[in-house]
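Derivation of every value follows stated rules applied to the coordinates shown; laboratory data play no part. The shown structure was predicted, so the numbers you read here are calculated from the model rather than taken from an experiment. For neighbour counting, all protein chains shown are included, and Cβ atoms are generated from backbone atoms with ideal geometry for every residue, glycine included.
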C-alpha cells in the first residue's frame, strides 16, 4: 500500500482516465483504488485486464477451518484466475466461535493465510467486514491486522472504497459494521442484540452506532458513482429460517429506508448460511453466507420474501460456495458458485438511476 496526498490522488485518477481514453500497451491496466485513512488517501494497486469489467469475489461466514472452507477457497482461487479478479469482499464471521483474541492469534494464519493460498487470491486485496462472532473477540486486532497482512483490508470497523471503471465512471463499495449499527437503535444491548452481553460497548454502544449511521448516510448520498454497492454481515431481507433479534429488525428497517432514498444497486450479506437473491425496492440483495460454516434451513415457499428471485433449495441449504460479480459501465453480472466450481445461479442487472432519483 502507498500513501498519497489529495493532489497526487487527482493526478492518479487523471492518468487512469487518459490510459482508458487512448488505450494501454500490454494486456493489463494498473489502477489505484483509494480510501481515506487519518486524513490521507491510501491506494491499493489493482490490475484490470484491458477492456474487461471489474471482477470481484465475496464470501461470508467462513472462518471455521476444515474441509468445507478449504474446498471453497480452492474454487475461489480457480475462479479468480479464470476471470482475473481484482479483489475479494469478506462478509463477516471471519473467525468462529469468538473472533480473535489479539493480533498474534494463530487463527489469522490457520483460518485465513493458509486456506486461501492460490496466487490469484493471495496477491489481491481482501476488503473485510465484521460479523457478530467477530465482535465476541478483539475487533481492534482485526483492524490492526491490516498493517501486518499483504492483503487483509479492514482500516476501521466500517469504511468505503472507490474503483474507477472504463468510460470515466466508478463503482463505490461501502462496508458497514452491521452489529455496530444496532447499538444506536436498541435500548438494551444485552437483550436486543444477539450475544450483545459479550460485546464491547466501544464498538457496539450507542455513541459508536450513531456515528456510523451519520457516516453511512453521507456515503450513500454521494451522487457520483455509477454503481453503489453495500456490504455488511447481516441481511436486510432474507428467506432463511432463523430467529431475528430486535436490533436486527430495527437495522433492517432503517437500512431499507436509506437504500431506497439513496438508491443502492447491490447489498451483499452473510449471517444467513444460504445462497439467495432477492430484489426489494430496487436493490438486489445477495445472500452469500456459505463460505464454510454449518448451513441453515430456508423458509417454506409460502413464507419466503415476495421479491425472492432464487434460493439455493428447499429445507437445509445444500451447498457451500462463494459469489463472483463483474461490473462494467452499464451492467453487472451476478454469479453464485458452489464448492465444486459450478455456477448455481446467475443474472445480469443494470445500475439504478441514482442522480435523478436523489434530486427528486
What is the order of 127, 145, fewest Cβ neighbours within 10 Å to most? 145, 127
Which order do 310, 336, 62 fall in if you start with the one that has the fewest other Cβ atoms within 10 Å? 310, 336, 62
Sort out for me the Cα centre separation of region 78-101 from region 214-233, rounded to whole Å. 21 Å
Throw me the Rg/Rh for region 219-320, computed over C-alpha atoms with Kirkwood Rh, two decimals. 0.97
What ranking do 348, 283 get, fewest neighbouring Cβ atoms within 10 angstrom at the top? 348, 283
Need one word for region 59-205: rounded, prolate or oblate. Basis is the Cα gyration tensor (sqrt eigenvalues a ≥ b ≥ c); a/c below 1.5 gives rounded, then a/b vs b/c decides. oblate
Out of all DSSP beta bridges with both ends in region 52-359, state the antiparallel percent to the nearest 5. 60 percent
With a bin width of 10 angstrom, please list the P(r) values of region 52-359 as percents of all Cα-Cα pairs, from the 0 bin to the one holding the largest distance. 6, 30, 38, 23, 3
